[in-house]
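Worksheet: one structure, shown below.
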Amino acid sequence: MPNQFSHPTLSTQAPSTFLTLTLAPAQVICGVGVLQGAISAVAGLGSRPLIVAGKQTLAITQQHLQPLLEKQKLHVAATDYGADCCEASLKSLGRTAKEHKADVIIGVGGGKALDTAKLVAYQLQLPVVTVPTSAATCAAWSALSNVYTEAGAFLYDVALSRCPDLLILDYELIQTAPPSTLVAGIGDAIAKWYEASVSSGNSQQTLTIAAVQQARVLRDILFQKSTAALQEPGSEVWREVVDATILLAGVIGGLGGAQCRTVAAHAVHNGLTHISGHGSIHGEKVAYGILVQLRLEEMIQGNQLAAAARQQLLKFYAEIGLPQKLGDLGLGNITLGELQTSAEIALNPNSDIHRLPFKVALEQLMAAMVSTTAPIDSRDTTSRVAVRGMSDEVEE
Ligand SMILES: [Zn+2]
């Protein structure tokens, strides 16, 4: 039986006198071709929207969304979000919003465009609408924005005061995105189980227990339906997987909140952004990070369940095209120095990697990062597996 004193850093935070929940968007409008019909809901939030879009989506936005808004007699301005969800972009978008006298922000695009739009709205205390154009993350739902450098290196995240005021999920828009974005979304969403079960698996709090159980349900849905979904974009099973990556992943983040944080998979992602910049997308690096996390549990704790889970994921990744090793992320030729840099960042003192129930040394993390595809060795002692795993990868 888990008892509340066995993991003091994980489950016995001092009871707080109040709790702020950011569970869900105030309204979610979801369906095929719903964008047009959802415009009146946007008009209910403001009359001078500023659209913040991804570079590629801006042209489509100006062609399709802007005329719909203007028909409702809204005064629209539109701009792209810049180099990344970075401080320079946020500053310049804040100025643009003020010049336009914007009273509502509409984010249109992938995770970075939506994170930028949400953070600008939060800084200006304006309502925000999210219109995801890919299923690569649950950014359309969450009350969180990740801030990066202009070159795409992760800096910090900002907890927002609430989820978006309106989320418009139009499957027709999602279907225009490259299929690889849904694959990445599956990687980011499935991480919820592997991270939440470690950070919060012993929690006695009702909503946290609910979040961890939903993460398990989410994992199972993705195992069962991802392959079929990717074969038939636009089909019912495809929509169900899109719902899983954008909506259910969002629900879990909302329910779990700060108690149900990320662990090593996202920490490894954060480290990798410092050596790969914009070279691969968030969910791809996170998916690889799950394998690193399981490898650590396997090598350091001798955790056989983690070893089995890694083999199960490797098979699943091969089926749907998620990266299994650094080479699959375009990082097959990095130097030892670069590997060390990314591992050091993943291990920085504020990193969520320290939510693992054991200490991780730099060398252990580096060994795990280069041995994500190592076979299970039943005769195993940890150091032998680590060394063998590393030489396997180097020889490739
Ligand atoms: Zn993520």
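The values are calculated or read from the model by the stated rules, or taken from the named source; none is laboratory data. What you are looking at is a predicted structure, and each value in this text was computed from that prediction instead of being measured. A quick note on method: Cβ atoms are made from the backbone with ideal geometry, for glycine too, and the neighbour counts reach across all protein chains shown.
Could you tell me whether the stretch 360-376 includes any residue that is under 26 Å from GLY152 (Cα atoms) and within 16 Å of the ligand (Cβ to nearest atom)? No, the stretch 360-376 has no match at all. I'd like to check something: does the stretch 359-368 contain any residue that is surrounded by fewer than 20 Cβ atoms within 10 Å (Cβ to Cβ) and polar (S, T, N, Q)? No, every residue in the stretch 359-368 fails to be surrounded by fewer than 20 Cβ atoms within 10 Å (Cβ to Cβ) and polar (S, T, N, Q).
Residue count for the stretch 246-289 satisfying the condition of being in contact with a Ser or Thr (Cβ under 7 Å, 6 or more places away or on another chain), closer than 18 Å to ASP84 by Cα and either away from the ligand (no atom under 11 Å from the Cβ) or without any contact (Cβ under 8 Å) to a residue 40 or more places away in the chain (or both): 4.
In this structure, GLY152 qualifies as assigned by TED's automatic domain parsing to the domain that holds GLY107 and either on the phi < 0 side of the Ramachandran plot or in contact (Cβ under 8 Å) with a residue 40 or more places away in the chain (or both).
Restrict the check to the stretch 251-264 and report whether at least one residue is crowded, with 24+ Cβ neighbours inside 10 Å, within 23 Å of PRO179 (Cβ to Cβ), of a type outside the set (Val, Ile, Thr) and not assigned by TED's automatic domain parsing to the domain that holds ILE320. Looking through the stretch 251-264, none of the residues is crowded, with 24+ Cβ neighbours inside 10 Å, within 23 Å of PRO179 (Cβ to Cβ), of a type outside the set (Val, Ile, Thr) and not assigned by TED's automatic domain parsing to the domain that holds ILE320.
Within the stretch 221-232, none of the residues are within 25 Å of LEU356 (Cβ to Cβ) and basic (Lys, Arg). Per the conditions (1) farther than 25 Å from LEU173 by Cα; (2) crowded, with 19+ Cβ neighbours inside 10 Å; (3) away from the ligand (no atom under 16 Å from the Cβ), the sole criterion not satisfied by ARG239 is (1). Looking at the stretch 290-309, is at least one residue within 15 Å of the ligand (Cβ to nearest atom) and either among the small types (Gly, Ala, Ser) or assigned to a loop (DSSP other than H, G, I, E, B) (or both)? Among the residues of the stretch 290-309, not one is within 15 Å of the ligand (Cβ to nearest atom) and either among the small types (Gly, Ala, Ser) or assigned to a loop (DSSP other than H, G, I, E, B) (or both), which makes the answer no. Considered as a group, the residues in the stretch 124-143 that are of a type outside the set (Gly, Ala, Ser) and either under 10 Å from the mean Cα position of the chain (by Cα) or outside the structural domain of ILE51 (by TED's automatic domain parsing) (or both) include one that is farthest from the ligand (Cβ to nearest atom), and that residue is CYS138. The numbered conditions (1) more than 30 Å from GLU195 (Cβ to Cβ); (2) of a type outside the set (Ser, Thr, Tyr); (3) at pLDDT 95 or above; (4) surrounded by fewer than 19 Cβ atoms within 10 Å (Cβ to Cβ) are all true for LYS55 except (3).
Checking the structure you have, find out if any residue of the stretch 326-338 is at pLDDT 95 or above, touching a Pro at 6+ places or on another chain (Cβ under 8 Å) and within 16 Å of the ligand (Cβ to nearest atom). Yes - at least one qualifying residue is present in the stretch 326-338.
The set of residues in the stretch 177-204 that are outside any helix (DSSP H, G or I) and either under 17 Å from the mean Cα position of the chain (by Cα) or in contact (Cβ under 8 Å) with a residue 60 or more places away in the chain (or both) comprises ALA177, GLY201, ASN202, SER203, GLN204.
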